[in-house]
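Asker: What follows is a single structure, and I will ask about it in a moment.
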Amino acid sequence: MSLRDFLRLSAHIQLLPALENGEETLVGGQAVLEGVMMRAPHSYCVAVRKPDGEMVTEEHSLPRISEKYPIFRYPILRGVGTLGQAMSLGVKALRFSANAALEGTEQAGKKQELSSGMMSLNLLFSLAFFIFLYKFVPLYLATALSNWLPFFKSRIPFNLADGVIRMAIFVGFLLLISRWKDIHRVFEYHGAEHRVVFNFESGKPVTVENAQTFSTLHPRCGTSFLLVVMLVSIAVYTLLPFDSFLLKLAGRIVLLPLIAGLSYEAVRYAAKHRSGLLATLTAPGLWLQRITTQPPNDDQTTVAIRALEGALALEESQGGQLVIA
């Protein structure tokens with residue numbers, strides 16, 4: 001694997017939460033490298049366009065995490081379980097797409113493939129980068145600000161500053177990385193995934209022509225969820241009774257599952273009460289999707305449709321009731 005491929009994969013892993021839909025009861029998906037993963041409640045399919053133009057797919061059954069482990073049926077825990085499963089599935093789909101992108105390239109007469117060790121190294125690198133960029137840097141800058149302006153030493157102003165800095169870093173990262181051609185194509189596949197899901201939900205026949213008429217901005221997108229996570233984290237961090245920099249940093253890392261679970265419940269509630277305060281707070285997530293989704297071409301939309309068809313066909317073969325209208 002070249003340095004460019006390593007960095008492209010790392011960048012995509014950083015974007016996983018923003019590119020996927022973690023809801024386990026609906027049709028949704030995720031953009032991968034030169035393709036799309038679509039999932040139904042009990043199945044998923046990844047469709048990827050190889051460098052030579054051939055489309056390859058991988059599909060498997062997928063039990064709901066709440067059916068496999070009943071503890072994940074309870075509030076907060078259901079969010080942790082569902083999002084954890086979505087991230088795990090996202091990594092599998094990403095590895096399949098990375099291998100498809102490498103297929104056909106040879107080095108010293110050997111076919112290139114992403115090894116488990118290389119994938120693990122990339123995941124560790126991405127996790128360390130995430131903690132540094134979104135936990136350490138905002139906390140460090142907020143601490144420096146509080147030393148300069150005593151007003152920010154109080155818990156509420158300090159954590160508001162920490163949260164604003166984190167959101168600014170997130171938006172800046174998205175804007176910067178969107179200029180990379182490879183990631184811009186991922187955002188186009190993200191747009192294709194959204195349009196095809198909208199097409200399916202509309203009840204109209206799922207075709208390229210129909211799908212291209214829909215918006216690329218979808219309310220269940222992970223981009224919107226991440227913004228809610230950042231808002232919820234401000235409230236949770238304010239409750240931490242720590243003054244030490246290291247203890248604050250440790251708390252921010254340890255509380256990640258709790259924040260994810262609370263954010264999941266907030267988004268779930270907002271979806272059922274679209275005129276409430278929480279719905280208003282989730283609206284900016286749609287604005288951010290103007291960065292993480294781009295209008296796809298017909299070929300990219302075709303790939304997304306193939307992924308949906310594969311997931312639905314497997315779902316139906318297992319007794320599921322989801323069918324293409």
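Asker: In the range 3-317, if the dipole is taken from +1 on Lys/Arg beta carbons and -1 on Asp/Glu beta carbons about the Cα centre, which of Phe151, Ser317, Val232 is farthest to the positive end?
Answerer: Phe151
Asker: Using the 10 angstrom Cβ neighbour count as an exposure proxy, how do Ile305, Ile234 rank, fewest first?
Answerer: On the way: Ile305 24, Ile234 18.
Ascending number of Cβ neighbours within 10 Å: Ile234, Ile305.
Asker: Ranked highest first by average number of other Cβ atoms within 10 Å, how do 82-90, 58-66, 224-232 line up?
Answerer: Working: 82-90: 19.8, 58-66: 16.9, 224-232: 21.9.
The peptides rank, most packed first, as 224-232, 82-90, 58-66.
Asker: A follow-up question, please. Please work out the Kirkwood hydrodynamic radius for the range 48-97, using every pair of different C-alpha atoms, and report it in angstroms with one decimal place.
Answerer: Every distinct Cα pair counted, the radius reaches 12.6 Å.
Asker: Please state, rounded to one decimal and in Å, the Kirkwood hydrodynamic radius that the range 127-237 gives when every pair of distinct Cα atoms enters the mean of 1/r. Write down the numbers at each step before the final one.
Answerer: Details: mean 1/r = 0.0607 Å⁻¹.
The answer is 16.5 Å.
Asker: OK, next. State, to one decimal in nm, how far the label point of Arg73 lies from the label point of Lys153, with both points 7 Å from Cα in the Cβ direction.
Answerer: That separation, rounded to one decimal, is 5.2 nm.
Asker: While we're looking at this one, here's another question. Which order results if Asp182, Asp243 are arranged by neighbouring Cβ count within 10 Å, fewest first?
Answerer: Numbers: Asp182 16, Asp243 9.
Going from sparsest to densest Cβ surroundings: Asp243, Asp182.
Asker: Let me ask something additional. Considering all projection directions equally, how large on average is the shadow of the alpha-carbon convex hull of the range 3-317, in square nanometres? Please report the intermediate quantities before stating the final value.
Answerer: Numbers: hull surface 70.8 nm².
In nm², the orientation-averaged hull projection of the range 3-317 is 17.7.
Read-outs throughout are calculated quantities, based only on the coordinates presented, and are distinct from any laboratory measurement. Model, not experiment: these values are computed from the prediction. Because the Cβ atoms are built from the backbone with ideal geometry, glycine has one as well, and the counts that use them run over all protein chains shown.
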